[in-house]
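Participant: I have a structure here, written as structure tokens, and I will follow up with some questions on it.
The values are calculated or read from the model by the stated rules, or taken from the named source; none is laboratory data. In this text, all values refer to a predicted model and were calculated from it rather than measured experimentally. Every residue, glycine as well, gets a Cβ built from its backbone with ideal geometry; the counts of neighbours run over all protein chains shown. Just so you know, the surface numbers come from the protein's heavy atoms only, side chains and all, with ligands and any DNA or RNA stripped out. Shrake-Rupley method; radii C 1.70, N 1.55, O 1.52, S 1.80 Å.
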Amino acid sequence: MVLPKGMFRRHSLEVTDILNPDGENLLAVLVHPPDHPGRIPPEGGQGGDHEIGKDVATQYVEGWDWIAPVRDRNTGIWDEVSISVTGPVKIIDPHLVSSFFDQYTRAYLHATTELENRSAWVADCSLNIQVATELEGSVCLIEHLQTQHVSVPPGARIQYTFPKLSFYKPNLWWPNGLGKQSLYKVSITVDVKGYGESDTWGHLFGFRKIESHIDSATGGRLFKVNGQPIFIRGGNWILSDCLLRLSKERYKTDIKFHADMNLNMIRCWGGGLAERPEFYHYCDVYGLLVWQEFWITGDVDGRGIPISNPDGPLDHDLFMLCARDTVKLLRNYPSLALWVGGNEQVPPDDINTALKNDLKLHPLFESHSENALSIEEEDPSQYLDGTRVYIQGSMWDGFANGKGDFTDGPYEIQNPEDFFKDNFYNYGFNPEVGSVGMPVAAMIRATMPPKGWQIPLFKKLTNGYTEEVPNPIWEYHKYIPYSKPGKVHDQIELYGIPKDLDDFCLKAQLVNYVQYRALLEGWTSRMWSKYTGVLIWKTQNPWSGLRGQFYDYLLDQTAGFYGCRCAAEPIHVQLNLATYFIEVVNTTSEELSNVAVEASVWDLEGACPSYNVFDKLSLPPKKVMSISELNHPKSENPKPVYFLLLKLYNMSNNSIISRNFYWLYLPGGDYKLLEPYRNKRIPLQITSKTSHKDSSYEIEMNVQNKSEKPDPKILTYKNKFANRREDGEFDMSSLEPIHDKTEEKQKAGLFQRLYRQFPRETDGSKITEIKGSDVGVAFFLKFSVHALKTDNKGGEDTRILPVHYSDNYFSLVPGEEMSIKMSFEVPQGVTPRVTLEGWNYQSEVHTVI
């Protein structure tokens, strides 16, 4: 047998007649590399020599400015291989569509499926569709059950459309941060007379409507979900693993990380692939809208240097076969928001025309339409899609300048205040803006030989700027510097020249946090007045790269992850770094009333020279409100380096809605005074509660800065955060407390070597104290989880990854306390330990459980 071509097509082979039912069966597959694997020019380049663009395949494999080439171009089987068993009639590619009326109080579920009769006789079928919703645990409520009788001629393949199912006030699916991701289980079965159940199909389905149009105020594309405008803050996604070692577990972590960062959109970049169904499933579960591109890029398909394939892939028919099959595979996922023809390029004219025609909107889904389905109109589930807009390219029709000019970017380090300025970016929706992404030192040691542990040379230039000169291994891994001579002074050097790898990576994390928080806060500051959205280039790396990432290839988060998480809160308090005005952002559809903003300034001696509360505020929905100017820099004798803590809270119960901590310097200054601040020893008290079931752990750490008692006038020092509507990862009622293993820990000798501790058991809690005699801010604290080993070899990477933290790289002012939650899985037989590091705790790593 010869398999047909097409990397992005599902292939199905009928093997019934050749199987040996009584013995072993073997499958032998002969694989070939792509027809046009290409060569990599000495100077590298985007997509190498662009030859890979002649095939319908992933284009990143020839290398880019963020990844080295994949040597075998991923030759071989890359997707799931499975055996399916059906009766005479098979269910093929059902299409589910929801439509809404009466302001979303009434909804219809439309469903169409293909049925193929592989027998030699007429199949009299009972075709059943069932819609259920999960109530609690594994208990489901069946909301609809419908049976239709269908006859399928022998050897025929027919299309059948169910009578539409009516719902009153269905639970809606919402993007992350705006509501619950409600999902219904839709099941279709076909029973054949004289045979019984012949085939079954199931899919989770979300009732939602996605619209978009070009906004007249900003020129950017504006998205609406269920009638509500959505300010897009998302990221560009390459793929999970450059060698296509894909897994459900990795997808779950990847997508949950994006939800943890409070992002609401992922763009699947055109040089990658159409991800596997598990990717979109977790986007459904965690509320990430998906921008899905087809396999065209400007660099490889007509706009590269040298000019690349102007007519795209050689086989246009194959491209369209793959495109149509991809649409059928993905169209039932509610998270899928739009189709885009290519990255920084439109497809060739015939492909573009075919995609526009195939993906045209059904009248029900044209913008602002809420009309009942007329008798003359096709059922929307009979369209190939019909529910999502098709945009011909990533810089067209409301993205970048809308005309296809290279007006996305920039992709390098910026002065943080520049993100807030009028002239930083001139268009309403930026599909790509990127910056640095240095991981932690442990990542470097785990993935590179010792020669790769050398930090860049900081070379002073005659114009006063600094040029970073990285080692060759970092260059191979596409390191992007933290300086832009002539425009941006080295942002790491602002903290002092780093001494070694650990010092360099720690200071890089400080910059990562500031850089990405400022990027998103700058965009959000102009929500609806100048911008409709932004996508960061990029959120992750499918290999051990050193640029543009919020977590590394081994799944450890950078500080930029938490800067993004802070800035992208649905309701957020922030400092405009260009004007120094305090702002509050409300991206939700609900007004907030009776809230207050607390602004406190702290110096390096632990004093609070400025404290203000702006109370009795009302925050309108979908608005940015300017509260007051931060006057400290203009006060008499302001300190050159200081901390600012902003809190937005409910006045009724002092619960925190948003908390934001800044470290700042006066104009023309730097952060070098933070270097001697490292020597301060700030006392901490940590109360830990640990629960686990099998290999799944959940730990809550309450950390308190004990250097001073809380100021009585500060009502929010406990940081009791207001509840947010979201599903937790753990069922706490089923978790078991960990038994104390003090004797084992004493044998390990870890606690005695590191510091004195005073543990006591209180309802499963343990209290640990880190001694210190100084008063001040406990700065840039970071938890991490490791495998407990008594025979740890020097340099061994003991990290347990991934870990989901409610926050990290956090700081506490004197008297303040905060709870950090973490959840993770441990390998069999491994006991976890949690360590705490921080700017003031560099000489030791403190083990807290």
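Participant: Roughly speaking, what is the stretch gain from residue 796 to residue 144, that is 0.36 nm per residue apart minus the C-alpha to C-alpha distance, in nm to one decimal?
Facilitator: In short, 229.1 nm is gained.
Participant: How much solvent-accessible surface does residue 451 expose, in Å² to the nearest 10, with a 1.4 Å probe and all protein chains in place?
Facilitator: Around 150 Å² of this residue is reachable by solvent.
Participant: Could I ask something else about it? Once the cut-off is 20 Å, how many percent of the Cα-Cα pairs in region 529-613 end up in the long-distance tail?
Facilitator: 56
Participant: While we're on this one: If I model a spin label at residue 40 and residue 224 as a point 7 Å from the Cα along the Cα→Cβ vector, what separation in nanometres do I get?
Facilitator: So the two model labels end up 4.8 nm from each other.
Participant: Rounded to the nearest 0.05, what FRET efficiency is calculated for residue 804 and residue 24 with R0 set to 51 Å and r the Cβ-Cβ distance?
Facilitator: It comes out at approximately 0.75.
Participant: To continue, here is another question. Would you work out which of 119, 44, 104 lies farthest towards the positive end of the dipole of region 39-163, given +1 charges on the beta-carbon of Lys and Arg and -1 on that of Asp and Glu, about the Cα centre?
Facilitator: Most positive-ward Cα: 119.
Participant: If you take the charge dipole of region 245-376 about its Cα centre, with +1 on Lys and Arg Cβ and -1 on Asp and Glu Cβ, which of 335, 281, 291 is farthest toward its positive end?
Facilitator: 281
Participant: Explain nothing, just the number: dipole magnitude of the chain about its Cα centre with +1 on each Lys and Arg Cβ and -1 on each Asp and Glu Cβ, in debye rounded to the nearest 20.
Facilitator: In total the dipole reaches around 2220 debye.
Participant: For region 132-269, with only Lys/Arg (+1) and Asp/Glu (-1) charged at the beta-carbon, what is the dipole magnitude about the Cα centre, in debye rounded to 20?
Facilitator: In total the dipole reaches around 360 debye.
Participant: Also, quick follow-up: Please report the projected area of region 373-497's Cα convex hull averaged over all directions, in nm². Can you show the working numbers first?
Facilitator: On the way: hull surface 54.9 nm².
For the Cα atoms of region 373-497, the hull's average projected area reads 13.7 nm².
Participant: Given a 1.4 Å probe, how much area per residue of region 58-118 is accessible, in Å²?
Facilitator: 38
Participant: What does the highest-first list of 511-519, 705-713, 665-673, 813-821 look like by mean Cβ count within 10 Å?
Facilitator: Going from most to least packed, we get 511-519, 813-821, 705-713, 665-673.
Participant: Moving on to the next point. Could you give the length gained by full extension between residue 92 and residue 709, i.e. 0.36 nm per residue of separation minus their alpha carbon distance, to one decimal place? Don't jump to the answer; show the numbers that get you there.
Facilitator: Numbers: separation 617, 0.36 × 617 = 222.12 nm, distance 6.69 nm.
Difference between extended and current length: 215.4 nm.
Participant: Based on Cβ point charges of +1 for Lys and Arg and -1 for Asp and Glu, what charge dipole magnitude is obtained for region 625-689 about its Cα centre, in debye rounded to the nearest 20? All intermediate terms of the calculation are to be shown ahead of the outcome.
Facilitator: Details: 9 positive and 4 negative charges, 74 e Å.
In debye, rounded to 20, region 625-689 gives about 360.
Participant: How many nm separate the modelled label positions at residue 487 and residue 426, each set 7 Å beyond the Cα in the direction of the Cβ?
Facilitator: 1.5
Participant: Determine how large the accessible area of residue 70 is when every protein chain is in place; take a 1.4 Å probe and give Å² rounded to the nearest 10.
Facilitator: 10
Participant: What ranking, highest mean first, results for peptides 109-117, 459-467, 315-323 when packing means the other Cβ atoms within 10 Å averaged over each residue?
Facilitator: Most protected by this proxy first, the peptides run 109-117, 315-323, 459-467.
Participant: Taking 0.36 nm per intervening residue step and subtracting the Cα-Cα distance, what contour gain separates residue 158 from residue 317 on full extension?
Facilitator: 54.9 nm
Participant: Go through 295-301, 252-258 and give me the packing order, highest mean Cβ count within 10 Å leading. Numbers along the way, then the final one.
Facilitator: Values: 295-301: 27.9, 252-258: 22.4.
Going by the mean number of other Cβ atoms within 10 Å, highest first, we get 295-301, 252-258.
Participant: Given the DSSP H assignment, sum -39500 (n - 2.57) over each helix run of at least 4 residues in the chain and divide by its residue total; what's the result at 222 nm in deg cm²/dmol, nearest 500?
Facilitator: -4000 deg cm²/dmol, from helical runs alone.
Participant: With a 1.4 Å probe and every protein chain kept in, tell me what percent of the accessible surface of the chain is carbon plus sulfur.
Facilitator: Within the chain, the accessible surface is 50 percent carbon and sulfur.
Participant: In whole Å, what is the distance between the alpha-carbon centres of region 224-246 and region 637-678?
Facilitator: 32
Participant: Say the dipole of the chain comes from +1 at the beta carbon of Lys and Arg and -1 at that of Asp and Glu; which of 529, 721, 571 then lies farthest toward its positive end?
Facilitator: Most positive-ward Cα: 721.
Participant: Provide the FRET efficiency to the nearest 0.05 for the residue 193-residue 13 pair, computing r from the beta carbons and using R0 = 22 Å.
Facilitator: 0.20
Participant: Largest first and to the nearest Å, give the Cα extent of region 118-229 along each principal axis.
Facilitator: Result, largest extent first: 62, 36, 20 Å.
Participant: Related question: Could you tell me how far the Cα centroid of region 2-50 sits from the Cα centroid of region 433-502, in Å?
Facilitator: Their Cα centres are 40 Å away from one another.
Participant: Net charge near residue 35, counting Lys/Arg +1 and Asp/Glu -1 over other residues with Cβ under 12 Å of its Cβ? Walk me through the intermediate numbers first.
Facilitator: On the way: positive: 5, 54, 73; negative: 51, 55, 315.
Net charge around residue 35: 0.
Participant: Mind listing which GluC sites (Glu not before Pro) in region 1-68 are in a DSSP loop and have 11 or fewer other Cβ atoms within 10 Å?
Facilitator: Within region 1-68, the qualifying GluC sites (Glu not before Pro) (loop, at most 11 other Cβ atoms within 10 Å) are 14, 24, 43.
Participant: Rounded to two decimal places and with Rh computed the Kirkwood way over Cα pairs, what is Rg over Rh for the chain?
Facilitator: Answer for the chain: 0.97.
Participant: Can you give the FRET efficiency to the nearest 0.05 for residue 166 and residue 618, using r as the Cβ-Cβ distance and R₀ = 41 Å?
Facilitator: Using R0 = 41 Å, I get an efficiency of 0.55.
Participant: Suppose a student asked you for the relative contact order of the chain, using Cα pairs under 8 Å spaced at least 6 residues apart; what percent would you report?
Facilitator: Averaging sequence separation for qualifying contacts and normalising by length gives 9 percent for the chain.
Participant: Quick one: grab Rg to one decimal and Dmax as a whole number for region 288-435, Cα atoms only, in Å.
Facilitator: Both quantities, over Cα of region 288-435: 17.7, 59 Å.
Participant: A further question follows. Around residue 772, under 9 Å between beta carbons, what's the net of Lys plus Arg minus Asp minus Glu among the other residues?
Facilitator: +3
Participant: Obtain the radius of gyration and the Kirkwood radius of region 486-583 from its C-alpha atoms and give Rg over Rh.
Facilitator: Ratio of gyration radius to Kirkwood radius: 1.00.
Participant: When we measure straight from the Cα of residue 460, which lysines land under 18 angstrom away, once same-chain ones fewer than 8 places off are left out?
Facilitator: Within the straight-line cut-off, residue 460 pairs with 484, 487, 499, 672.
Participant: Shifting gears a bit: May I ask you to work out the translational diffusion coefficient for region 166-252 at 4 °C, viscosity 1.567 mPa s, via Stokes-Einstein with Rh from the Kirkwood sum over Cα pairs, reported in whole µm²/s?
Facilitator: Result for D is 75 µm²/s.
Participant: Taking the Cα-to-Cβ direction at residue 377 and at residue 5 and moving 7 Å from each Cα, how far apart do the two end points lie in nm?
Facilitator: Going by the 7 Å Cα→Cβ label model, 4.0 nm.
Participant: Something else: Please report Rg (one decimal) and Dmax (integer) in Å for the Cα set of region 190-320.
Facilitator: 19.1, 64
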